[in-house]
Amino acid sequence: MCTVVILRRPGHPWPLILAGNRDELVTRPWRAPGRHWPDRADVVAGMDELGGGSWLGLNDHGVTAAILNRYGTLGPQADKRSRGELVLEALDHADAAEAADQLSHLDPLAYRSFNLVIADNRDAFWLRHLGEEAGGGANGTTPGKIEVFPLPEGLSMFTSRNRNDLSSPRIARHLPDFQVALAPNPDLDDWEAWQELLSRTAEQDPADGMVVEGESGFQTVSSSIIALPAPGRRIAGEIAQPVWQFAPQRPDRTQFQPIAL
């Protein structure tokens, strides 16, 4: 993922909404969200066929996770593990708080730097690994531990930098609009306002578009919105289920459709 937006509303019928655009080389093979891992039958996630991991996923316990590269660390590195593995490791847990705690103890030397979001319908966390960005690993120095920050109520937005970091042209342009936009309403199947925001192309700066239009073959390749219902919520007598709306190409050129969970 290259952009993630999270809306936390404790006490709301839909307390967690997560949306994001994935930006990647168009030649890198991937599969749309599904149950692609026989040893993880409870996980629905997009599959990166090259690394074997994922950029965004959801498990049957209602935990969702999304990974973003930090600034200047695009692509794999021969001596590092794929950051897409972290999404699957997070989804091995039935609780976001437990997942965040367990992943915070991973060896930071094993991965290039990242932002990782882990959430359920009760809690949400941002895991930050600065790596070389903070001098870790350079000249024999040891990178600091993976940091964990609980996400507050309201809106959080991530790109390759920190939460709600206005030095990111994308966040500077779009965060205020997400904050005032009508939030998705799964009960009414109304996702329009956020879908329109996710579909915005560049305006004044090539880096300020939600949709990336890279001439080098790097661009937005898919878009997602995930909604998690409140614990124990029922709709028409049935336990409410998460909803995942997915656009399998640039969201300004293709429609969102629900993923079968």
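Of 38, 29, 13, which residue is surrounded by fewer than 24 Cβ atoms within 10 Å (Cβ to Cβ), touching a residue at least 40 places away in the same chain (Cβ under 8 Å) and not acidic (Asp, Glu)?
Working: 38 fails: touching a residue at least 40 places away in the same chain (Cβ under 8 Å); 29 fails: touching a residue at least 40 places away in the same chain (Cβ under 8 Å).
Just a single option satisfies the conditions, and that option is 13.
Could you identify the single residue in 51, 84 that is surrounded by 21 or more Cβ atoms within 10 Å (Cβ to Cβ), more than 22 Å from residue 240 (Cβ to Cβ) and in contact with a Ser or Thr (Cβ under 7 Å, 6 or more places away or on another chain)?
Values: 51 fails: surrounded by 21 or more Cβ atoms within 10 Å (Cβ to Cβ).
Checking each option against the conditions leaves just 84.
Failed condition for residue 201, given (1) in contact with an Asp or Glu (Cβ under 8 Å, 6 or more places away or on another chain); (2) among the polar types (S, T, N, Q); (3) buried (at least 16 other Cβ atoms within 10 Å of the Cβ), with all others met?
Unmet condition: (3).
Would you be able to tell me the number of residues in segment 165-195 that are under 18 Å from the mean Cα position of the chain (by Cα) and charged (D, E, K, R)?
2
Conditions first: (1) over 25 Å from residue 70 (Cα atoms); (2) hydrophobic (A, V, I, L, M, F, W, C); (3) at pLDDT 95 or above. Residue 210 passes all but one, so which condition is the exception?
So the condition that residue 210 fails would be (1).
I want to confirm something. Restricting to segment 88-128 and keeping residues that are touching a residue at least 40 places away in the same chain (Cβ under 8 Å), under 19 Å from residue 10 (Cβ atoms) and outside any helix (DSSP H, G or I), which single residue is nearest to the chain's Cα centre (by Cα)?
Taking the candidates together, the pick is 117.
Could you pull out the residue among 169, 186, 143 that is farther than 23 Å from residue 16 by Cα, modelled with pLDDT of 95 or more and buried (at least 16 other Cβ atoms within 10 Å of the Cβ)?
169
Can you spot a residue in segment 205-212 that is more than 22 Å from residue 45 (Cα to Cα) and free of Cβ contacts under 8 Å to residues at least 12 places away in the same chain?
Yes - at least one qualifying residue is present in segment 205-212.
Of the numbered conditions (1) β-branched (Val, Ile, Thr); (2) surrounded by 15 or more Cβ atoms within 10 Å (Cβ to Cβ); (3) without any contact (Cβ under 8 Å) to a residue 60 or more places away in the chain; (4) in contact with an Asp or Glu (Cβ under 8 Å, 6 or more places away or on another chain), residue 221 fails exactly one; give the number of that condition.
That leaves (3) as the condition not met.
Determine which member of the set 255, 241 is assigned to a loop (DSSP other than H, G, I, E, B) and more than 21 Å from residue 11 (Cβ to Cβ).
255
The values are calculated or read from the model by the stated rules, or taken from the named source; none is laboratory data. Please read these numbers as outputs of a predicted model, since none were measured by experiment. Cβ sites come from the backbone with ideal geometry, for glycine too, and all protein chains shown count toward neighbours.
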